[in-house]
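A quick write-up on the structure given underneath.
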Amino acid sequence: MPPFWFALTGLSVAYVAWDSFTRNPELTVMKYGWVLVTLYTGPVGAALYVLSCEEPGPYQHEVFIEPLWKQALGSTIHCLAGDATGIIIAAAVTAALALPMWLDLIFEYLLGFGFGLLIFQALFMRDMLGGSYRAALVRSFMPEWLSMNAVMAGMIPVMVALMSHDMRAMEVTPIRFWGVMSLATLVGAVIAYPVNVWLVAVGLKHGMGTVRVLGAGGHNLEAEATRIPATSGSPWDSPPLWLAMQ
């Protein structure tokens, strides 16, 4: 990626961090999620934040995030923030140690899945599931595994193709490495998004919500069932979570 991309990324991260932590009533975990994903995806992440999560006006956030595509995007960002962080950390460590690519990929998968499941899912969802970390871990395992596999299905081919073509991209210090990570994260998000649409539509994952409606601890996933159509209608027509919680 050209150098100006990283300059734009810095500006994008600064804007998303400022807006999310000073003006957005989203849950705290989503604020950090958006900042991390914008760090990895640059202006694309900032654009998605503005289109799907930035509050358009005072007390309008709940209505703004109603559509399923925005709920699913929030779920994708939550997943990507944890998984991609673990994958990038693993890639940096294995690159610094000059480990073979096959071992690199195994380490990236395990750390990405572990970071996403143990921290961004189970730990941050503990309060949403009655305060039990073990219950949150069990409840989060299958949705996180499905979503993580989609993220890796997007990231691995990009990383293998570009790093095999240019071995300098496997070194941590050159800018090429971070460009590959950024592009791989973008592709991973594209592949993971449809999976998260389904997971949110059937109630296996949560979307976005605000502290004004859900409280600082988030929401209980059992309440997600009220958002799923009781009839055979399309999940795209589901009532929004914030209305279901009224």
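We did not get these values from a lab; they are worked out from the coordinates using the rules stated. Keep in mind the model is a prediction, meaning the values are calculated, not measured. Note that each Cβ is placed from the backbone with ideal geometry, even for glycine, and that neighbours are counted across all protein chains shown.
Size descriptors for the stretch 36-166: radius of gyration and Dmax over Cα atoms are 16.6, 52 Å. For the stretch 17-72, the equivalent ellipsoid derived from the alpha-carbon gyration tensor has semi-axes of 17, 13, 10 Å in decreasing order. Ordering 92-102, 6-16, 146-156 by mean Cβ neighbour count within 10 Å, with the highest value first, yields 146-156, 6-16, 92-102. Converting phi to 3J(HN,Hα) with the Karplus coefficients 6.51, -1.76 and 1.60 and the offset θ = phi - 60°, the stretch 42-50 yields x, x, 5, x, 5, 5, 5, 4, 5 Hz in sequence order, with x at every glycine or proline.
I need the calculated FRET efficiency for the pair L8 and A98, taking r as the beta carbon distance and R₀ as 35 Å, to the nearest 0.05.
The formula returns an efficiency of 0.65 here.
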